[in-house]
Amino acid sequence: MRVIPVRTAAEQQAFLDFPRRLYADDPNWVGPLDLELRALFNPKRNPHFSEGEAQWWLAQDSRKQVVGRIAAFIYYPKARRYAVPTGGIGFFEVVEDYAVAEALLATAQAWLAERGMQAVDACINFGENDRFWGVLIEGFDSPPSYGMPYNKPYYADYLSRYGFELYFRQESRELDLRQIPERIIRIAQRAAYKEGVSFSYPNLSNLHHYALDFMTIYNDAWRFHEHFVPLTEDRLRLIVENLKPILIEEMIYFAYVENEPAGIILAIPDLNQIFRPWRGRPTLWQLLSFLWRKRNKYAWYRRKGILTRARVMLMGVRPKFQRRGLESALAYLPVPPVVQMGITHAELSWVGDFNPAMLAVLEAIQARRSRIHATFRYYFSPEVRQRVLREARPIISRAS
């Protein structure tokens, strides 16, 4: 068995094809689209390359059959915010053989160490944490929602055997949009009538204005989270570029106080309900059919009962506007129009265990826990780990 860096077009295609063989008998696996992964690792499409770098590898057996893959990457502005420089690995897939997993992890670690990293997080994305983030550890009995990872049950064990420790847990919750608690509805309606408070759907034909409002809310509401990296206009441009083709206005709702951006809820259609048969590699006909059928807010798919779910990617209120009922208003007010469209369920994914306030909101709206992902961390030496634990909050406290 050997681990080789991906350099040629054929090797890149082998990297993309391997999961289709690995999950051939798993009805719940939904492959991320090849075109999305190609864009993610294209320096012309991903602004993280402006201050970062990435590499793919393949593991091959003696017959040159692919038996595993891995990617490693560094976004230096974020890596340097940790107690020690910390890179990332992701897109890790491997047959059920720990020796192969160990070789892949060691190769990625060596590449990161050569570039000054002293720790690594797994399995994460070379980009925002709204997709491809975490290792599934609970909830293998149903297909993932769009952008959420799905993996073999033994991955967490392999990471632990290598020396990774649980860094934080990520909860996803399932919500029947037709059964919002009456208490939440009352709070939402009171908040909507408060003087100076207004709400707005974005105009997708003029998304730039709302994107800047989103950046204002995000950079304020999430700035207290550990190792937060503010959105820049370049990163915002990538988010808008990726999301705009799939958005539905009724699934995005802004709250304003005295015309100042105050909060947002952002959901997208669960495209995995549509993409599932494609196994990550749609034909030209499938892509053209999708572009035609997604017109009028996916009317064809909604009429056929194929698209019935949304994924809530993000909800937040800026600190100075909290405790005014805006959280409840954002959770409920956009719901009736969405239900009228035939979208009856939503997955709220994901919320980290380091965000108890948002977990409390999920409890209040009686969202059912549907799956758990985990982010793991590995320090390259015991000395580095001990130094971090002396100087910073222990990682195990974030996983309690």
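The values are calculated or read from the model by the stated rules, or taken from the named source; none is laboratory data. Quantities reported herein were computed from a predicted structural model and do not represent experimental measurements. Here the Cβ is made from the backbone with ideal geometry for all residues, glycine too, and neighbour counts use every protein chain on show.
Quick rundown of the values:
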{"read-out": "Residue in segment 58-66 that is surrounded by 19 or more Cβ atoms within 10 Å (Cβ to Cβ), within 21 Å of the chain's Cα centre (by Cα), assigned by TED's automatic domain parsing to the domain that holds GLY87 and not in a loop (DSSP other than H, G, I, E, B) present", "value": "no"}
{"read-out": "Enumeration of residues in segment 285-307 that are within 25 Å of the chain's Cα centre (by Cα) and outside any helix (DSSP H, G or I)", "value": "LYS294, ILE306, LEU307"}
{"read-out": "Residues being more than 21 Å from GLY147 (Cβ to Cβ) and among the polar types (S, T, N, Q) - total across segment 233-276", "value": "1"}
{"read-out": "Any hit, segment 324-333, residues being part of a strand (DSSP E or B), among the hydroxyl-bearing types (Ser, Thr, Tyr) and either closer than 28 Å to ASP213 by Cβ or not assigned by TED's automatic domain parsing to the domain that holds LEU204 (or both)", "value": "no"}
{"read-out": "Test: residue in segment 251-270 that is assigned to a helix (DSSP H, G or I), assigned by TED's automatic domain parsing to the domain that holds ARG295, crowded, with 18+ Cβ neighbours inside 10 Å and in contact (Cβ under 8 Å) with a residue 24 or more places away in the chain", "value": "yes"}
{"read-out": "Which numbered condition SER370 fails, given (1) outside any strand (DSSP E or B); (2) crowded, with 16+ Cβ neighbours inside 10 Å; (3) among the polar types (S, T, N, Q); (4) out of contact with any helix residue (DSSP H, G or I) (no Cβ under 9 Å at 6 or more places or on another chain)", "value": "(1)"}
{"read-out": "Subset of segment 5-20 (residues that are surrounded by 13 or more Cβ atoms within 10 Å (Cβ to Cβ) and either part of a helix (DSSP H, G or I) or not assigned by TED's automatic domain parsing to the domain that holds VAL67 (or both))", "value": "GLU11, GLN12, GLN13, ALA14, PHE15, LEU16, ASP17, PHE18, PRO19, ARG20"}
{"read-out": "Selection count, segment 188-227, where residues are without any contact (Cβ under 8 Å) to a residue 12 or more places away in the chain and not in a helix (DSSP H, G or I)", "value": "3"}
{"read-out": "Test result for LEU37, under 19 Å from CYS123 (Cβ atoms), under 19 Å from the mean Cα position of the chain (by Cα) and among the aliphatic types (A, V, I, L, M)", "value": "yes"}
{"read-out": "Count - residues of segment 39-85 that are at negative phi, among the charged types (D, E, K, R) and out of contact with any strand residue (DSSP E or B) (no Cβ under 7 Å at 6 or more places or on another chain)", "value": "6"}
{"read-out": "Scan of segment 151-171 for residues that are among the aliphatic types (A, V, I, L, M) and part of a strand (DSSP E or B), ordered by number", "value": "LEU166"}
{"read-out": "Test for TYR158: is it aromatic (Phe, Trp, Tyr), modelled with pLDDT of 95 or more and buried (at least 21 other Cβ atoms within 10 Å of the Cβ)", "value": "yes"}
